[in-house]
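The values are calculated or read from the model by the stated rules, or taken from the named source; none is laboratory data. Quick caveat, the model's predicted, so the values are computed rather than measured. Note that each Cβ is placed from the backbone with ideal geometry, even for glycine, and that neighbours are counted across all protein chains shown.
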Amino acid sequence: MRYVLKICLLSLLLLAVAASVHADVKLPPPQMEGGMGLFEAFKKRSSAAGGDFPIAQLEPEELSTILWGATGLNRGEKGWTVPMSKGLEPYCRIYVAQDEGIFLYDWRVHGLTEVSKENVRAKVGSQNFVKTAPCILILVADGKALSDNFDAKDGAEFAAVAAGAMTQDIYLAAAALEIGARYIHSMNIEEIRRALSLPEEDYPVCLMMLGK
Ligand SMILES: Cc1cc2nc3c(=O)[nH]c(=O)nc-3n(C[C@H](O)[C@H](O)[C@H](O)COP(=O)(O)O)c2cc1C
């Protein structure tokens, strides 16, 4: 009962924050209950084969759940589904590349902000098959937040730890939703920098291909 109450309160909070701040694309509420159990998702987690990657687009509800799992608010206004050093706001951001353009996930409003109308899917990965994924998440380290809080070595490590936690949550959510996912390190860094208009201090950490 307390669990259901918590979920209701969290959903209300997400809706209230979403109503007060602007997002170009409102995401439907993420799935927060039911579905496949965690231990079954552990058993099913895997990378979909790159050469035969599923090409159907995710439903908005599915993308919403995956983004929320990756770095959404799960406790009040300062608690996220992944741990961040010193409890800082997530210093690894998620950009979503689809046919319609590139969007930045905003955990504050659980929505997407348009960054560009460019379809950059075919350009971000250095392996040919990456372009077949209908949805590609681009994880980017927030260089300013990292250098404001950590020395260079810790900052680089902490960004990688954050991306690791986020991508594992993405893998598990994808397993639970029966969506194909694959972690990609081989990126066209300069293309990503250009397409996302990244400031010098920010840098891409990895991609997650998604499709079903
Ligand atoms: C740090 C890291 C980097 C990876 N980079 C790539 C990559 O550039 N291209 C690719 O096709 N797969 C990449 N993968 C996916 C791995 O090849 C895949 O996880 C591995 O084959 C194990 O398969 P599993 O995830 O199904 O257990 C990467 C995975 C990790 C964890």
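Can you tell me which residue among GLU114, GLU157, GLU118 is surrounded by fewer than 20 Cβ atoms within 10 Å (Cβ to Cβ), modelled with pLDDT of 95 or more and in a strand (DSSP E or B)?
So the residue among GLU114, GLU157, GLU118 that is surrounded by fewer than 20 Cβ atoms within 10 Å (Cβ to Cβ), modelled with pLDDT of 95 or more and in a strand (DSSP E or B) is GLU114.
In the set LYS78, LYS117, LYS86, which member is free of Cβ contacts under 8 Å to residues at least 60 places away in the same chain, over 22 Å from LEU198 (Cβ atoms) and of a type in the set (Lys, Arg)?
Just a single option satisfies the conditions, and that option is LYS78.
Consider LEU112 against the criteria (1) closer than 22 Å to ALA48 by Cβ; (2) more than 16 Å from the ligand (Cβ to nearest atom): it satisfies all of them except one. Which criterion is unmet?
(1)
Please work out which residue is nearest to the ligand (Cβ to nearest atom), limiting yourself to the range 137-153 and to residues that are without any contact (Cβ under 8 Å) to a residue 60 or more places away in the chain, part of a helix (DSSP H, G or I) and surrounded by fewer than 19 Cβ atoms within 10 Å (Cβ to Cβ).
Across the range 137-153, the extreme among qualifying residues is LYS153.
Tell me which residues, restricted to the range 160-206, are of a type in the set (Gly, Ala, Ser) and assigned to a helix (DSSP H, G or I).
ALA160, ALA162, ALA163, GLY164, ALA165, ALA173, ALA174, ALA175, ALA176, ALA195
Contact list please: Cβ distance under 9 Å, first residue in the range 39-67 and surrounded by fewer than 16 Cβ atoms within 10 Å (Cβ to Cβ), second residue modelled with pLDDT under 95 and among the β-branched types (Val, Ile, Thr), pairs at least six apart or on different chains.
Taking only residues 6 or more apart or on different chains, the pairs are PRO60/VAL25.
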